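Please read the structure below before turning to the comments.
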Amino acid sequence: MNKSWLTAIWLSVLLCISMGHNTRAESLETAEAVEPIRFGLTAVVVRENLRFLDQWAHYLSKKMSQPVEFVRRRSYREVMDLLVSGSLDFAWICGFPYVQNRDPEFIKLISIPVYRGNPLYHSFIIVHKDSPYQTLDDLQDKVFAYSDPDSNSGYLYPQYLLAEKGTNKEAFFRQTFFTFNHAETVEAVAERFADGGAVDSYIWEYLQEFSPELATKTRVIKQSPAFGFPPLVARLGVDFETVWQMKNIITGMDKDPDGRKFLEGLKLDGFGDPRPDLFDNIREMVASVRAAQPGGGPVTYGTEVNTGITE
Amino acid sequence: MTRPYFPPKGLSVKFALTITAVVAGVAFTIGAVIVTLDWQRYQTELESKALLLAHSVAVTAPDDILQNDSWSLYKSLKNMANDASDGMQDTKILTGMIQDPDGNVLAHLNPGNNPLGMPLIHSGEVETRFFTASKEVRVPTILNTDISVKGFLEAVAPIYSDGKLLGVVRVRLSYKELYQKAQRSSFVIIGMTLALVALGSFLGTMISRRITKPLTAMTEGIEAVSSGELSDIKPIPVNFDDELGVLANAFNKMAKEMVEKKSLEEQIAVSEKLVALGRISAGVAHEVNNPLAGLMNCIDTLKKHPDDPELVERYLPLLDKGLNRIKNIVESLLIELRTEEAHGTDNSSSLEDLRDIVVSEINDRDIILNWDNTLGEQVLINRRRVQQIVLNLLKNSIQALPDKGVVSFSTRQNSDTIILVVTDDGPGIPAQYKSQLFDPFFTTKINGTGLGLWIVYRLAESMQGVIEVESEVGMGTQFKVTLPLIELST
């Protein structure tokens, strides 16, 4: 599909969404004087389905009796920054940001998506299907594409693998870059701009179905153990009533025909109750990676560890 | 009279060829100019496109390079290529790349074969030269203009940040589409040129036909006139208002008048013949009647006095004389008949026989005869006819001459004719008689029969000869008879 055309559609849809929301926000404001609930997303989730997100936001607004709008940002870091500053009320983030140490804590787990029966997913190390690479070692001195520097599957897991090998992870690949988007990591590998890449298994499988012309050009050479699926979180400052209501609506979507429609679009079974221990293996990976780092300091928000720039 | 419609060297062919040549020349010149201009325009357009594309990437590149954001660099390169293929139908990007100042690939449209962070794999002498040249430029520039060698055009745009060269954007556009586009428009122009030439030659043919058709008809008409076949002249159709129409009209009018004139002449000739016949008949009747009256008187007297020997003796000579005169007249009238019978040929020395007869004709008059017969013995002549012509002319002159007159006879021979000239310095022929000179029974002499020159005329005519007369009153007269040699020899 043509990219510039998509961009145009994207922009016009975005415009429609925002205008629609404004109108709705105004009417609600005059009636009830309520601020919209702002729900943060990154492009890591699903990039192309803007109309879908609009309808989903409408669905949530109706259920909440309060306008809900999705706020998209390029990176997890930006989403986290918006959460900490109070500009977002809810967000769909990744396991890696979730397990980071925050002082003080400003988010609370509310739900974890259920994918193919389990709240789990994997990280895939992918290469071009025609390439000779069979293991991560084959990618030494090659070009590697990461998704987001705060992505578990798209960055932490390959970092962990390199740390495990005991190699200098900065020097292992000839060159690395961030696409900030799992779909674009697939694209970079499919077009051989990168020799290998790390992606979310859920997104990769989603693309196999909805964007096969690119996705089928890639092949998985390594699958990670199961990780907890990227969770939905609420900002601690949001009132209990709203969080409780949102959690109920989201976890009840699989019992509602309209909700099931959105779950089908997302290829998810539903949203389940939080199980914080799901992210324990991610915590372990963080610890391993931290241990392998020359400085060895704790990885927390506010420290300049992953700037998105590799030197 | 049939002739090819387009004689190979005819005006119609020349006209048509000239017009065709002119149209072809003009059309091909204009066509060549348009093709050249088109090509230049296409080339300029392509160069502008290439520069624009390279520039568009170079503008956004510095931040991406500084942040080592290879993926954004690659995407801007790809977007540029997509925009180019969407917006410019006739443009094909052969390749596009961003290189750092060391020549390593920062992004390449064909990433599979040009790995990131490595020098170009297919790097030859030309590639090195291009890269070196691309680092020298400060603004977007077209590097390769020698299209015939490479078949592509390369635009480079340097990426500068704060005066530091971060890299170069290089975009190669194929010339193939340009060639095809130029070729397509060339075909159209060549087609139009050929159509123009065809139209030109068609018009040329039409115009030349239109001009030469009446000319051909007029030529045929004039040839008919010159060969006397006036009945062959068909009127030329007058279809035009221009000079040709006027010419055709004039010709038709002339032809019509000539036909009328000829029929008038024929009528005149017939009536002249009748007049001549009447004059001959009247002359014969008159000439014969004169002696007949005397003869009848003599015979009457002799009948009344049959026994008078004196009368017989007196009248018999008169009868004899009168009958002889009639006989002479008849003989003269039959002279042609006689000479027809006498086909004998002789050498020209037989003319010398005449000299004595002429001298006796002069008798004792005071007239000088100059005789200059130069015809050799090998020249054969029809003796009786030529003798008769010369004798009659000489007798005519001598009778006209006063005393102390001079009469000359001379001969000449050309390649195929002999010329007999009789000249005198007599009183000359008055102008009013000249038209009747050779008429029978026309005479100005009291005792003349008026048959001498008529006989000369008839004889010369029977030998396809020509008689020319020059005469001036008081100065003299010259008769020149030209006879074909071949006729004389037979």
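The values are calculated or read from the model by the stated rules, or taken from the named source; none is laboratory data. Not measured: the values here are computed from a predicted model. Note that we place each Cβ from the backbone using ideal geometry, even for glycine, and neighbour counts take in every protein chain shown.
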- request: Give the residues of region A:186-200 that are in contact with a Ser or Thr (Cβ under 7 Å, 6 or more places away or on another chain) and closer than 15 Å to A:SER224 by Cβ, sorted by residue number.
  value: A:GLY197, A:ALA198, A:VAL199, A:ASP200
query: For region A:185-202, how many residues are buried (at least 24 other Cβ atoms within 10 Å of the Cβ), within 12 Å of chain B (Cβ to nearest Cβ) and acidic (Asp, Glu)?
result: 2
query: Somewhere in region A:76-92, is a residue of a type outside the set (Asp, Glu), buried (at least 18 other Cβ atoms within 10 Å of the Cβ) and over 23 Å from A:MET246 (Cα atoms)?
result: yes
query: Yes or no: A:LYS169 free of Cβ contacts under 8 Å to residues at least 60 places away in the same chain, buried (at least 18 other Cβ atoms within 10 Å of the Cβ), under 19 Å from B:SER70 (Cβ atoms) and of a type in the set (D, E, K, R)?
result: no
- request: Filter region A:166-184 down to the residues that are over 19 Å from the mean Cα position of the chain (by Cα) and among the β-branched types (Val, Ile, Thr), then identify the one that is nearest to the other protein chains (Cβ to nearest Cβ).
  value: A:THR176
Check on B:ILE65, aliphatic (A, V, I, L, M), out of contact with any helix residue (DSSP H, G or I) (no Cβ under 6 Å at 6 or more places or on another chain), within 14 Å of chain A (Cβ to nearest Cβ) and not in a loop (DSSP other than H, G, I, E, B): yes
message: Considering only residues that are under 25 Å from A:ASP141 (Cβ atoms) and in contact with a Pro (Cβ under 9 Å, 6 or more places away or on another chain), which ones fall in region B:98-144?
response: B:GLN99, B:ASP102, B:GLY103, B:ASN104, B:VAL105, B:HIS108, B:ILE121
message: Residue under question is A:ALA198, and the condition is that it be among the aliphatic types (A, V, I, L, M) and either modelled with pLDDT of 95 or more or not assigned by TED's automatic domain parsing to the domain that holds A:MET285 (or both); does it hold?
response: yes
- line: Of (1) assigned to a strand (DSSP E or B); (2) in contact (Cβ under 8 Å) with a residue 24 or more places away in the chain; (3) within 14 Å of another protein chain (Cβ to nearest Cβ), B:VAL105 satisfies every one except (2)
field: Residue, farthest from the other protein chains (Cβ to nearest Cβ), within region B:90-102, restricted to residues that are touching a residue at least 24 places away in the same chain (Cβ under 8 Å) and part of a loop (DSSP other than H, G, I, E, B)
entry: B:ASP90
task: Could you check B:TRP39 against (1) more than 14 Å from chain A (Cβ to nearest Cβ); (2) assigned to a helix (DSSP H, G or I); (3) under 17 Å from B:VAL156 (Cα atoms) and say which number it fails?
output: (3)
- prompt: Residues in region A:228-240: is at least one among the β-branched types (Val, Ile, Thr) and touching an Asp or Glu at 6+ places or on another chain (Cβ under 8 Å)?
  reply: yes
- prompt: Which residue out of B:SER76, B:SER72 is within 10 Å of chain A (Cβ to nearest Cβ) and part of a helix (DSSP H, G or I)?
  reply: B:SER72
task: Exactly one condition in (1) in contact with a helix residue (DSSP H, G or I) (Cβ under 6 Å, 6 or more places away or on another chain); (2) buried (at least 21 other Cβ atoms within 10 Å of the Cβ) is not met by B:ASN382; state its number.
output: (1)
query: Any idea how many residues of region B:216-233 are assigned to a helix (DSSP H, G or I) and either charged (D, E, K, R) or modelled with pLDDT of 75 or more (or both)?
result: 11
message: Regarding region A:125-135, can at least one residue be identified that is in contact with a strand residue (DSSP E or B) (Cβ under 9 Å, 6 or more places away or on another chain), polar (S, T, N, Q) and more than 14 Å from chain B (Cβ to nearest Cβ)?
response: yes
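Quick grid of which residues meet (1) over 23 Å from B:GLY476 (Cβ atoms); (2) not basic (Lys, Arg):
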residue	(1), (2)
B:ASP353	yes, yes
B:ASN363	no, yes
B:ILE389	no, yes
B:LEU393	no, yes
B:ASP403	no, yes
B:ARG412	no, no
- line: B:VAL59 fails exactly one of (1) assigned to a helix (DSSP H, G or I); (2) without any contact (Cβ under 8 Å) to a residue 12 or more places away in the chain; (3) within 12 Å of chain A (Cβ to nearest Cβ), namely (3)
query: Within region B:361-404, how many residues turn out to be in a helix (DSSP H, G or I) and polar (S, T, N, Q)?
result: 6
task: Kindly check whether there is at least one residue in region A:207-217 that is within 14 Å of chain B (Cβ to nearest Cβ) and either closer than 20 Å to A:LEU109 by Cβ or among the charged types (D, E, K, R) (or both).
output: yes
